[in-house]
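Working notes for the structure below.
The values are calculated or read from the model by the stated rules, or taken from the named source; none is laboratory data. These numbers were taken from a predicted model, which means no experiment stands behind them. A quick note on method: Cβ atoms are made from the backbone with ideal geometry, for glycine too, and the neighbour counts reach across all protein chains shown. For accessibility, only protein heavy atoms count, side chains too; no ligands or nucleic acids. Shrake-Rupley method; radii C 1.70, N 1.55, O 1.52, S 1.80 Å.
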Amino acid sequence: MSQQEQSPKGSKKKLGIITIACCNLKKKAVRTSCLMGLVAVLSFTLFSGLILTTSLRGGMESMRQRLGADFMVVPDGNQAKFEGALLRGEPGTFYFGRDTTKILSDIEGIIKTTPQFFITSLSTDCCSYQVQLIGYEPKTDFVIAPWISGQLKKDLEKGELVVGSKLEHQVGDTLKFFGREYVVAGRLQETGLGFDTSVFMNFDTAENVLDDAKIKGIHYRFNKGDSISAVMVKAEEGYDVSAINNAIVDRLREAGIKADVVASRTIVTTASDHINQFIFYVKVFSVMLWVLAVVLLSVVFTFSVHERKKEIAVLRILGATKGKLLQLIFGEAALIGTGGALVGLSLAFLVLFPFSTLISLTLNLPFVLPPPQRIAFLAMLSFLLTGAAGPAASVSSAYRIVKNEIQATMREGE
Amino acid sequence: MLLEVNQLTREYKRGREAFRAVDEVSFTMADGEFVSIRGRSGSGKSTLLNLITGLLQPTGGSVFLDGENIFELDDRNYSYLRNSKLGYVSQVQSALSNLTVMDNVRLPFFLSKRDGEPSERAAALLEQVGIAHLAKAYPAQLSGGELKRVAIARALILSPELLIADEPTCDLDLQTTKEVLEFLASVAQRGTAVLMVTHEADASEYCNRTLFMESGKLVHIASGNPSGIFCSAI
């Protein structure tokens, strides 16, 4: 053979099995991208599903802990508005007489009652923005005051506010309502309820707000000192829901007060049913997608290994052990799985967390994102499960390849 | 003795009947010997090579390479033996399509644990087979003759004791065939035994011995230039 005048400059890179796997994937860029895309969709769905279900469960648990009252009594025809304010922070105003509290406290089996009233601020110059303001009575309150004083370590004073976790104000900031500024004395932890987008104040502060509103020409259907929006009711331990519910309805009817009675258990059960239904759909969808992805990957890997029989036989002839061949096949599958899982997780992080508020509003269900360490765990779990989908899908192809006689493999590959 | 083939047999089933593609073949080879195997198509030449390289399992008999019965070795040891002591040039195109020519030649070095770097030797081999300028090309860009040279360079990268070539001149023009045969003869002169299956009658001119096969059996062994004998034998 003729001598060449020019010596080639050889590559110095090591040609390990993973390098060969990378070369194979790079040379089949379209196929590799499609497979990674499939795994990315799987990873995105799995992680998103896990975050959604965990957040909804967290929201549910938060709701159970935060509701505090066993019954909530609101003016007739305002149950939906009240639930909107309670669960989603939708601004709402509705009032009835303050004597309702006294009437309810006299019913047998009821141990505590406390009034609340709701004011909706405006989105005009007089107010920082439109938000639900919730006034409570510190003397009798057993719903809001305990967790406010738990976080503040003191009672809320006149002129002070506590803001929900989704309002972007820090302690010391001021908020303006109807021309007057109020100081933010604290921020609440996330609850997954409407409380997250509400502002809390005691009755004295609320009266200030209402006076200022009146000066600005805004007349709420409210008689100062005589109206409230809701009464929170605490019943005795082991109470009979329907008995107390009936007693409340009867007593208010006798007093000529038209009201709706909302049982916490009913709200929790309804929300719980919706959440469980949603979680069921998420699970079914995730499992279906998982199965579909593994089947598709299996088919692609089987075809891929079939068309590469000759390459595998050549490696074997050159001295690759069966273990090395398995490393090559699983290595390629793992690279696809790992790459796809990382892409899917990155996309999920980009979509889920910046838009979590929007997602929770869209779902209309209590929604509390899990703590960072839990998110990290779920991300790792999703990464491992989807990353393993590739190797899992290539098991049977790999087994067939290594058990075949090399020459048969070579011939089939021709 | 470098290679000892004893009563090597491979039986296949064709319908209900069994037939022997290789039938009790025995021969030996010493270091640096250049031996060719000839015979008509279907006479069992390639099957014999595939048995010797361990690509096929025998129905009977044994193959000793450097004193070790290759069929008694476990996968790890036999893979190592195939990697370090055997070079193999396949009848069909066998370069890995996703690797460059240079990486194809370097590849065997990395299939077992070794120190060092094979690039210089790979470059030298590519020069020897005349395709140094194609080091960075991919197999799809090469002709049949160039691919055959890649396979030869790759088979020699680890300086094997035995080079097995299955019709290395198949589909090559006369000039390239001559160059390949001369190169294989020079490999044998440098101490690597070469066992080659070929249809080329002229190939025997380059060999120390030529084995003739018919219906799976070794029917004749000739020394030197046996082309005339081959013609009369079949």
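Among the residues of region A:76-134, write down those that are surrounded by 18 or more Cβ atoms within 10 Å (Cβ to Cβ) and of a type in the set (Phe, Trp, Tyr).
A:82, A:94, A:95, A:96, A:117, A:118
Just give me the residues in region A:336-359 being surrounded by fewer than 23 Cβ atoms within 10 Å (Cβ to Cβ) and either within 14 Å of another protein chain (Cβ to nearest Cβ) or not hydrophobic (A, V, I, L, M, F, W, C) (or both), in sequence order.
A:338, A:339, A:346, A:354, A:356, A:357 - these are the residues of region A:336-359 that are surrounded by fewer than 23 Cβ atoms within 10 Å (Cβ to Cβ) and either within 14 Å of another protein chain (Cβ to nearest Cβ) or not hydrophobic (A, V, I, L, M, F, W, C) (or both).
Being open to solvent by 20 Å² or more (accessible area, probe 1.4 Å), touching a Cys at 6+ places or on another chain (Cβ under 8 Å) and not aromatic (Phe, Trp, Tyr): is that true of residue B:128 here?
No; evaluated as a whole, the condition is false for this residue.
Sort out which residues of region A:13-72 are of a type in the set (Lys, Arg) and open to solvent by less than 10 Å² (accessible area, probe 1.4 Å), and write them in order of number.
None; the set is empty.
Of the residues that make up region B:65-73, is at least one of a type in the set (D, E, K, R), farther than 19 Å from residue B:8 by Cα and assigned to a helix (DSSP H, G or I)?
Within region B:65-73 (the criterion being of a type in the set (D, E, K, R), farther than 19 Å from residue B:8 by Cα and assigned to a helix (DSSP H, G or I)), the answer is no, since none of the residues qualifies.
May I ask you to verify whether residue B:111 is within 22 Å of residue B:85 (Cα to Cα), more than 10 Å from every other protein chain (Cβ to nearest Cβ) and touching a Leu at 6+ places or on another chain (Cβ under 9 Å)?
Against the criterion (within 22 Å of residue B:85 (Cα to Cα), more than 10 Å from every other protein chain (Cβ to nearest Cβ) and touching a Leu at 6+ places or on another chain (Cβ under 9 Å)), residue B:111 does not qualify.
Residue check, residue B:103 against (1) at the interface with another protein chain (Cβ under 8 Å from one of its Cβ atoms); (2) within 18 Å of residue B:161 (Cβ to Cβ); (3) among the charged types (D, E, K, R), all met but one. Which one?
(2)
Go through region B:91-100 and count every residue that is under 16 Å from the mean Cα position of the chain (by Cα) and more than 7 Å from chain A (Cβ to nearest Cβ).
So the answer is 3.
Take region B:58-77 and flag every residue that is more than 17 Å from the chain's Cα centre (by Cα) and either over 29 Å from residue A:21 (Cα atoms) or in contact (Cβ under 8 Å) with a residue 24 or more places away in the chain (or both). Break it down stepwise before answering.
Residues of region B:58-77 that are more than 17 Å from the chain's Cα centre (by Cα), as a first pass: B:58-62, B:67-69, B:71-77.
Within region B:58-77, B:58, B:59, B:60, B:61, B:62, B:67, B:68, B:69, B:71, B:72 meet the criteria.
Would you confirm whether or not region B:114-131 contains a residue that is more than 9 Å from chain A (Cβ to nearest Cβ) and touching an Asp or Glu at 6+ places or on another chain (Cβ under 9 Å)?
no
One residue is enough: does region B:141-152 have a residue meeting the conditions open to solvent by less than 10 Å² (accessible area, probe 1.4 Å) and away from every other protein chain (no Cβ under 11 Å)?
yes
Answer yes or no as to whether residue B:75 is more than 7 Å from chain A (Cβ to nearest Cβ) and surrounded by fewer than 21 Cβ atoms within 10 Å (Cβ to Cβ). So that I can check it myself, show each step before the final result.
Working: more than 7 Å from chain A (Cβ to nearest Cβ): no; surrounded by fewer than 21 Cβ atoms within 10 Å (Cβ to Cβ): yes.
Judged against the criteria, residue B:75 is not a match.
Exactly one condition in (1) without any contact (Cβ under 8 Å) to a residue 24 or more places away in the chain; (2) within 12 Å of the chain's Cα centre (by Cα) is not met by residue B:186; state its number.
Condition not satisfied by residue B:186: (2).
Tell me which of these residue B:106 doesn't satisfy, since it passes every other one: (1) buried (at least 21 other Cβ atoms within 10 Å of the Cβ); (2) free of Cβ contacts under 8 Å to residues at least 40 places away in the same chain.
(2)
Looking only at region B:123-146, decide whether some residue is within 20 Å of residue B:85 (Cα to Cα), of a type in the set (Val, Ile, Thr) and at pLDDT 90 or above.
no
On the phi > 0 side of the Ramachandran plot and in a loop (DSSP other than H, G, I, E, B) - does that describe any residue in region B:92-103?
Start the filter on region B:92-103 by keeping residues that are on the phi > 0 side of the Ramachandran plot, which leaves none.
For region B:92-103, residues on the phi > 0 side of the Ramachandran plot and in a loop (DSSP other than H, G, I, E, B): absent.
Which is touching a Lys or Arg at 6+ places or on another chain (Cβ under 7 Å) and of a type in the set (Lys, Arg), of A:112, A:158, A:154?
Within the list A:112, A:158, A:154, the selection yields A:112.
Can you find a residue that is acidic (Asp, Glu) and more than 10 Å from chain A (Cβ to nearest Cβ) anywhere in region B:177-199?
No, because not a single residue in region B:177-199 is acidic (Asp, Glu) and more than 10 Å from chain A (Cβ to nearest Cβ).
Mind listing whichever residues of region A:97-142 are hydroxyl-bearing (Ser, Thr, Tyr) and under 15 Å from residue A:231 (Cα atoms)?
Hits for region A:97-142 are A:100, A:101, A:105, A:113, A:114, A:136, A:140.
Hey, any hits in region B:157-172 for a residue that's away from chain A (no Cβ under 11 Å), in contact with a Lys or Arg (Cβ under 7 Å, 6 or more places away or on another chain) and among the acidic types (Asp, Glu)?
Looking for residues that are away from chain A (no Cβ under 11 Å), in contact with a Lys or Arg (Cβ under 7 Å, 6 or more places away or on another chain) and among the acidic types (Asp, Glu), one finds at least one in region B:157-172, hence yes.
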